[in-house]
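The values are calculated or read from the model by the stated rules, or taken from the named source; none is laboratory data. Just so it is clear, the model here is predicted, and its values are computed rather than measured. Heads up, the Cβs are rebuilt from the backbone with ideal geometry, glycines too, and the neighbour counts pull from every protein chain shown. Surface areas here come from the heavy atoms of the whole protein model, side chains and all, with no ligands, DNA or RNA. Shrake-Rupley method; radii C 1.70, N 1.55, O 1.52, S 1.80 Å.
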Amino acid sequence: MAAVNGEVSFWYAADGVPGPGPALPGDADVDVCVVGGGYTGLWTAYYLKKADPSLRIAVLERRFCGYGASGRNGGWLYNGFAGRGAFARTYGQGRAAAMQRVMDEAVGEVVGIAEKEGIEADIVRGGVLEVARSKPQLDRLRAHVESERAYGEGRVELLGAQETRERIDVAGTLGGCWTAYGARIQPARLARGLARTVRESGVEVYEGTAVTAILPGSRYRKPRAVTPYGTVTADHVLRATEGFTAGLRGEKRTWLPMNSAMIATEPLPAEFWAEVGWEGREVLGDFAHAYMYAQRTADDRIALGGRGVPYRFGSRTDSDGGTQVETVRQLRRILDRFFPAAAHARIDHAWAGVLGVPRDWCATVELDRLSGLGWAGGYVGSGVTTTNLAGRTLRDLVLGRDTELTRLPWVGHTVRRWEPEPLRWLGVHAMYAAYHAADRQEEAGRATTSPIARVADVVAGR
């Protein structure tokens, strides 16, 4: 049986791809208009409505809630966020540590809300296990564990090769690290559950409604979101479009839509799991430059992802999750290297999605009171938990609250725009070609981190 390619993602295979709900019926005037029905938009609407039930809130979504990265990601609910090192260098270690602490707490916040609202998303709090399979990877892993001490003792455990393989028997493992601040989720079910909860709270959710432009307000006029079906006027218009931001008028160079692809195997037999372990359902990653990420699904598959073809010219995005045959082959090779016992397992599904990448690789939240426009995003693939923090932060900004969240370093952080084409395409493809070349050198036996990767880091602006 040939693998399904696309159809948004494997995460919709069991329950079916939802059709869009009702579209915007015409012009509307609300208090808050949220553009984008993924995690960021849904969490923002959820927390705003909880804080002030009288607010009139509208969510506008081009397809259906969870169509983008929220319904296609690897299901890593964990405490990483884009830009921690840059925030520490720019704003001081204390402020970066404050953001790390609230990110640690946000993992439990998402789990708690899912339980409270009856959202069944196959959540298991098994933590995050990252492995090293070469000497340079092991050096980077140890440096990572050491750096984590600046954010609190005991947050990350350094594991030897045997300890790591007792958790998950990844072939060639030299060592690993584990943190409790992580959980496996079924991402599409979290998105669906959030959308249901938000609707039930009284938020108007309009699907099949593409926003073509977001217009700022002024002294004389409120900000607006323009759609083919009408214009929504609001006191605040919040952009929550992540990897699809480049499709909005004037936003082509704001965030780069980076592609990430995944495969899911057939359900694997009991003998495989007896050999490999993975009883804790940890989410799994590595310390390669072009890293992988994986989880053991609720129905005993391996869902595994990586970058594949990283970027399409002109910031184009995919069609319903379809990915390239060569990308599927690359991910298959990673699966076989990590788990030789799965070498003959069938691949049932392959898909891709886009994530938002700012030029400095730092996530941001902002609300401009003069224009009435706000936004959050640029998560660089670490958005499942960060979107929850973004939603709570946007809530406080919209409500005019001065809180711990509004004082975090990502609030109001300024990011320069990406270069125009063809420089953008050339730079991204050169960067990932360098990372792949560096990984090949290290897998072939190089004893230290490849200098090619260091050059790629400079090109990337990290």
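Quick one: is SER70 touching a Leu at 6+ places or on another chain (Cβ under 8 Å) and of a type outside the set (Lys, Arg)? Here the answer is yes, as SER70 does meet what is asked. Answer with yes or no whether ALA303 is open to solvent by less than 20 Å² (accessible area, probe 1.4 Å), closer than 23 Å to ARG133 by Cα, in a loop (DSSP other than H, G, I, E, B) and touching a residue at least 60 places away in the same chain (Cβ under 8 Å). Judged against the criteria, ALA303 is not a match. Scanning the range 218-238 for residues that are modelled with pLDDT of 95 or more, open to solvent by 20 Å² or more (accessible area, probe 1.4 Å) and not polar (S, T, N, Q) gives ARG221, LYS222, ARG224, VAL226, PRO228, TYR229, ASP235, HIS236.
Pairs linking a residue in the range 216-237 that is in a loop (DSSP other than H, G, I, E, B) to a residue that is open to solvent by less than 40 Å² (accessible area, probe 1.4 Å) and of a type in the set (D, E, K, R), with Cβ atoms under 9 Å and 6 or more positions apart or on different chains, are PRO216/ARG224; GLY217/ARG224. For the range 307-357, a residue qualifies if it is surrounded by 20 or more Cβ atoms within 10 Å (Cβ to Cβ) and among the basic types (Lys, Arg), and exactly one does: ARG307. With respect to (1) within 19 Å of TYR47 (Cβ to Cβ); (2) assigned to a loop (DSSP other than H, G, I, E, B); (3) touching a residue at least 12 places away in the same chain (Cβ under 8 Å), the lone exception for GLY400 is condition (3). Being of a type in the set (Gly, Ala, Ser), assigned to a helix (DSSP H, G or I), at pLDDT below 95 and open to solvent by less than 30 Å² (accessible area, probe 1.4 Å) holds for only one residue in ALA433, ALA453, and it is ALA453.
Does LEU215 meet the test of being crowded, with 22+ Cβ neighbours inside 10 Å and of a type in the set (A, V, I, L, M, F, W, C)? So LEU215 does not fit the description; no. Right, ALA363: at pLDDT 95 or above, buried (at least 23 other Cβ atoms within 10 Å of the Cβ), under 20 Å from the mean Cα position of the chain (by Cα) and farther than 26 Å from ILE168 by Cα or not? Yes: the conditions hold for ALA363.
Evaluation of VAL30 against the conditions (1) open to solvent by less than 20 Å² (accessible area, probe 1.4 Å); (2) assigned to a loop (DSSP other than H, G, I, E, B) shows that the sole unmet condition is (2). Return yes when VAL110 is within 20 Å of GLY381 (Cβ to Cβ), in contact with a Leu (Cβ under 9 Å, 6 or more places away or on another chain), crowded, with 24+ Cβ neighbours inside 10 Å and among the aliphatic types (A, V, I, L, M) and no when it is not. Taking the combined requirement at face value, the residue satisfies it. Scanning the range 50-61 for residues that are within 13 Å of VAL34 (Cβ to Cβ) and either in contact with a Lys or Arg (Cβ under 7 Å, 6 or more places away or on another chain) or part of a loop (DSSP other than H, G, I, E, B) (or both) gives LEU55, ARG56, ILE57, GLU61.
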